[in-house]
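Below you'll find the structure, written out as structure tokens, and then a few comments.
Please treat every number below as a calculation from the coordinates, not as lab data. These numbers were taken from a predicted model, which means no experiment stands behind them. Positions of Cβ are backbone-derived with ideal geometry, glycine not excepted, and every protein chain shown enters the neighbour counts.
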Amino acid sequence: MSNATRKVRIVRDGPEPPAPRAEDELEALDPEAPPEAPDAEETSYRRRRAPVPVRRKRSRDWAQMLRRGWRPSLAAALALLVAFALYSLVFRSSWFLLEGSGQIAITGAHQTDGQRVLAVFSADLGRNLFFIPLSQRRRAVERIPWVRQAAVLRLWPARLEVKIQERTPVAYARVGSHLDLIDAQGVLLERPAKANFDFPVLTGLAGISAVNPNASEWLDQRQPQVARWSALQQAVAPLGHHAAFAISEVNLRNPGDLRARVSLGAGSSVLVDLGNRNFEPRFQLFLSQIASWRQKYPNMVSVDLHFDGQAIVDPGPTAAPAPAASTKPSRGEQR
């Protein structure tokens with residue numbers, strides 16, 4: 001027998017094992033891959049498992065919720081308690097009550113009647129300071145004629161301060177048989193008892209005799225009238241203060257003709273028609289010619305200066321002629 005290797009074929013009884021599939025090889029290579037779904041033939045023989053009821057312990061769940069939520073609940077309760085205490089302290093405590101008018105301070109009121117200002121807050125006495133409507137009280141204070149602008153402030157712990165900015169009068173206004181003051185906006189102001197003003201008197205103003213002379217409809221008409229007087233005042237100011245001549249009264253009824261009564265001294269006066277423009281040159285012409293006019297016309301009544309550079313003088317009533325001397329001889333001469 002030769003030394004060459006012999007090939008021996010082993011024959012087994014029965015069928016040969018099947019060759020390995022590609023899927024089996026992949027499963028062997030990837031052990032983490034999900035298991036393959038069973039075939040329909042295999043699943044048809046499997047029985048469904050009955051569900052197993054699971055009992056939950058509710059007492060433990062509530063206990064866990066209580067252990068976890070007691071801190072936020074306690075914090076919310078403390079916050080509500082503090083808020084209620086602060087509310088009671090601020091809104092119900094007597095510390096913040098306005099008990100009398102002595103707790104109201106008024107500043108800036110020189111001509112304004114302080115009692116009229118305090119009367120605005122009469123309904124707030126005994127009320128908590130934080131429940132007083134400050135904006136409504138401010139508007140009520142500003143309705144007082146002398147008050148141009150007002151501010152109402154709260155002061156700790158229970159005081160109010162009323163800051164007032166008063167109106168500035170520019171002239172007197174003739175109202176029937178008495179005189180009131182008037183400002184640049186046309187608002188009529190009561191004359192203070194202890195104040196003295198050196199102003200001319202304005203006449204012919206709109207709405208003077210109305211029930212409410214300071215209503216907006218009358219203010220809209222009076223403001224342009226007072227503006228014409230202010231224009232005349234500014235035009236005359238550069239001419240300097242003249243000791244013998246002063247404007248004592250201004251009639252503003254006619255929008256196209258401002259009529260000023262000028263005092264000439266010694267109780268006499270003359271009416272000057274200045275029109276509605278060029279007040280400075282026209283009044284300067286009056287000052288330069290009044291001496292000669294008075295010498296020529298001692299009883300002059302008015303001067304019309306409507307036309308620039310010209311003047312129309314009303315001489316007034318002429319003086320009665322002096323009685324002629326008698327030519328009849330006296331008794332002594334006849335003898």
Along the positive direction of the dipole of region 109-181 (beta-carbon charges: Lys, Arg +1; Asp, Glu -1; about the Cα centre), which of W156, A173, W146 reaches farthest?
W156
Which value in Å is the Kirkwood Rh of region 238-313 over different Cα pairs?
12.6 Å
q = 0.16 Å⁻¹, region 169-314: log10 I(q)/I(0) [Debye, one scatterer per Cα]
-0.87
Would you kindly calculate the translational diffusion coefficient of region 95-166, applying Stokes-Einstein with the Kirkwood radius from alpha carbon pairs, for 10 °C and a viscosity of 1.306 mPa s, and quote it in µm² s⁻¹ without decimals?
132 µm²/s
